[in-house]
Structures are given as C-alpha cells and as structure tokens.
1. Considering only DSSP beta bridges where both residues belong to the stretch 1-92, give the percentage that are antiparallel (nearest 5).
2. Just the number, please: Stokes-Einstein D of the stretch 290-352 in µm²/s, Kirkwood Rh from C-alpha pairs, 4 °C, 1.567 mPa s.
3. Diagonalise the Cα gyration tensor of the stretch 205-255 and give the resulting equivalent ellipsoid semi-axes, square root of 5 times each eigenvalue, largest first, whole Å.
4. Suppose we look only past 27 Å in the calculated P(r) of the stretch 6-139. What percent of the Cα-Cα pairs does that tail hold?
5. Quick one: Debye curve from the alpha-carbon atoms of the stretch 22-66 only, equal weights, vacuum; give me log10 I(q)/I(0) at q = 0.21 Å⁻¹ to two decimals.
6. Taking every DSSP beta bridge that has both residues in the chain, what percent is antiparallel when rounded to the nearest 5?
7. Multiply the residue separation of residue 318 and residue 229 by 0.36 nm, subtract the distance between their alpha-carbon atoms, and state the gained length in nm to one decimal.
8. Could the peptides 46-59, 149-162 be put in order, highest first, of the mean number of other beta-carbon atoms found within 10 Å of their residues?
C-alpha cells in the first residue's frame with residue numbers, strides 16, 4: 001500500500017444522492033484515501049455549492065467532467081488525484097470512465113457499468129489498454145459471510161452445485177402503483193438515463209453478480225418474465241427469471257421494486273450434492289449451512305471456524321454487527337490494494353460486461369415468445 005493517503009475525486013453524488021454519501025463514507029473509512037475534489041452536479045453552480053458543504057478547496061470543485069479532468073491532469077504528480085469515483089446515473093458512466101482512463105486515473109464506478117452493452121464492450125478494451133485499475137462497486141460481495149460462502153463453495157463443501165435461488169425484493173416504487181403521470185417518474189424509469197431495464201438493471205444485476213461471485217457459475221441461457229406494474233413505467237419494475245448454467249445447474253432470480261412493504265431483502269440460496277447454504281442481507285452476519293439430513297449449522301461473522309477471507313473482511317468482534325457501510329468499505333479497501341498493484345478479488349470490468357450481458361439477455365427474453373434465450377455473447 002502507498003505510504004500516503006490516496007487522493008480521489010467524485011463525479012456525481014451531490015444533493016439528494018443516496019449513493020454519494022455511501023461512497024464518501026466507505027472510501028474514507030479506513031483512512032487510506034480522501035476525496036479532495038469533484039463535480040457533483042450537471043449544474044455547475046449546484047456542483048460548486050455542494051463542494052462547499054464538504055469543505056473542499058473551491059479550486060478543485062468543478063462544473064463539468066472535462067473541467068475536472070483537465071485541472072487535475074495539469075497538476076504536479078505529487079498533488080493530482082489518484083482515482084476517480086463515478087456515482088452518476090448510468091447514461092454518464094461511459095463518458096466519465098473514458099475521460100478518467102485517458103487522463104491516467106484509476107476508476108471506481110457504480111453499477112451497472114454503462115447504459116448499453118456496446119459501451120461496456122468498448123470499456124473492456126479501454127481498461128485493458130490503460131493499465132489502470134478499474135473497480136465496480138457490487139458492494140454485497142464485500143460482506144464477510146458472502147466471502148465465506150464463496151470460500152465454502154470453492155473448497156467443495158457443498159459438493160456439485162445443482163440449484164441457486166437469489167431474491168432481491170424492494171418496495172420503494174410501490175407508492176407509484178396508481179401513478180399515471182410520467183413526469184413524476186424517478187430517473188431509473190427513464191430509458192434515456194438507464195438503458196433497456198429499470199429494476200433488472202438496478203437490482204437484478206446485483207442478484208446476478210452475487211450468485212456468480214459465490215458460485216462461479218456461468219449462465220448459458222435464461223427465460224425471463226418481466227412486467228411493469230406501475231402504469232407510467234415504460235420499463236420493468238418486477239420480474240422472475242429461470243436460469244440454466246454451464247455444467248447443468250439451474251437457478252431462479254427474482255427482482256422486484258414493487259414488493260409492498262419490503263425494504264432491501266436479498267436472499268441467496270445455493271444447493272449442492274453435499275450441503276446447502278442460505279444468506280440474507282437483512283441479517284448479514286450469519287451464514288446457514290444444511291447437510292443432507294437437514295442438520296443446520298449457523299456460522300457467525302467473527303466466529304472461530306471462518307476462513308481468512310471472511311475474518312479479513314470483518315471489522316468488529318463477534319456479536320458486533322458489520323453492516324452495509326463496512327461491506328462497501330471492504331470493496332474500497334480492495335480497490336485501493338488493487339491500485340497499489342496487489343492481487344485482489346473485487347468486481348471489475350469483466351463483471352461490468354457480464355452485468356450488461358445479463359440485462360440485454362433478460363430484456364430480449366422478456367420480449368420473446370420463444371422465451372428461452374441464449375446468453376448474449378460479448379461479440
């Protein structure tokens with residue numbers, strides 16, 4: 001690791017942003033980095049006003065991505081930023097990533113990586129040519145017990161995987177079920193901002209990434225049933241997907257943002273020939289294992305039986321919960337290690353491409369009468 005704090009700039013994450021403060025807390029939790037500048041709004045005045053609320057040097061708060069990159073690239077090497085964090089809506093990810101890489105900065109980007117598959121394919125080449133680190137904040141992979149689940153699967157503790165079920169249920173869009181005013185729609189329902197999918201792009205990609213991270217399974221084909229329950233939604237807000245994986249395993253992915261009363265229910269079940277496991281994001285410090293006779297063993301975050309990958313991701317003693325911010329901070333800590341040249345197991349550009357392939361395949365299947373749709377290749 002560097003003998004000084006890394007310096008970062010943020011693109012997006014200004015007024016009324018949920019994810020911006022999360023990035024700022026997670027990125028600075030370990031004292032390894034600080035955010036020294038950024039562009040926090042497409043409105044230059046609002047960007048500069050927001051920078052004041054963070055007590056940033058006004059000279060490093062800008063009105064556009066171009067202005068930010070140009071200013072930082074012109075600074076002496078010992079003063080300029082090391083990385084850029086991008087937490088804007090999907091439609092501006094591609095431009096911000098390209099500009100940052102071309103200027104020689106490392107990139108940490110929110111998901112999904114782009115608005116279209118073509119943009120993601122182009123970014124794969126750009127990241128590979130840049131020799132810069134690229135991290136994607138699929139933050140649920142940062143939980144200690146998710147990493148323990150991956151370790152157990154990798155060690156063969158579950159045997160041959162034959163079934164995976166992942167559910168991501170939210171209810172935050174349910175109040176719009178009687179809405180007919182498209183002008184009142186949030187930006188996640190705008191195809192010009194998010195691309196081809198609303199819910200499947202927002203949280204379905206988290207489910208796909210989580211099951212792939214833990215199991216290592218690659219989707220071969222899927223059958224999607226998508227719908228818009230909200231009358232004014234031109235995209236999806238609810239869906240169920242059947243999955244067929246290479247090697248013969250099958251799975252189910254459910255994603256809904258009109259599940260009335262739900263908060264952030266992410267459940268993962270993996271069933272193998274020797275055992276099954278269960279993890280829930282709303283009770284994240286525990287991982288349940290069940291053997292062939294149904295005997296349940298509950299592993300606890302911080303417990304003595306865990307692998308180093310899990311204990312290394314825990315930040316507090318057993319009985320003291322690690323939560324969303326800590327898991328997000330684990331992703332940032334891994335990204336900073338990656339920036340320093342260390343090998344890390346953190347979502348990257350390949351995961352970004354897989355997420356966009358997932359979206360495109362799901363949407364194609366949802367529109368098809370044939371339904372079973374082969375996984376879209378990277379062409």
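Please treat every number below as a calculation from the coordinates, not as lab data. This structure is a prediction, so every number in the text was calculated from the model and none was measured. Glycine also receives a Cβ, built like all others from the backbone with ideal geometry; neighbour counts cover every protein chain displayed.
1. Numbers: 0 of 12 bridges.
Around 0 percent antiparallel, to the nearest 5.
2. On the way: Rh = 13.9 Å.
Estimated diffusion coefficient is 93 µm²/s.
3. Values: eigenvalues 124, 26, 9 Å².
Rounded to whole Å, the semi-axes are 25, 11, 7.
4. Working: 1008 of 8911 pairs.
That tail contains 11 percent of the Cα-Cα pairs.
5. For the stretch 22-66 at q = 0.21 Å⁻¹, log10 I(q)/I(0) is -0.68.
6. Values: 40 of 66 bridges.
Bridges in the chain are about 60 percent antiparallel.
7. On the way: separation 89, 0.36 × 89 = 32.04 nm, distance 4.21 nm.
Using 0.36 nm per residue and subtracting the Cα-Cα distance, I get 27.8 nm.
8. Details: 46-59: 14.5, 149-162: 17.2.
Top to bottom by mean Cβ count within 10 Å: 149-162, 46-59.
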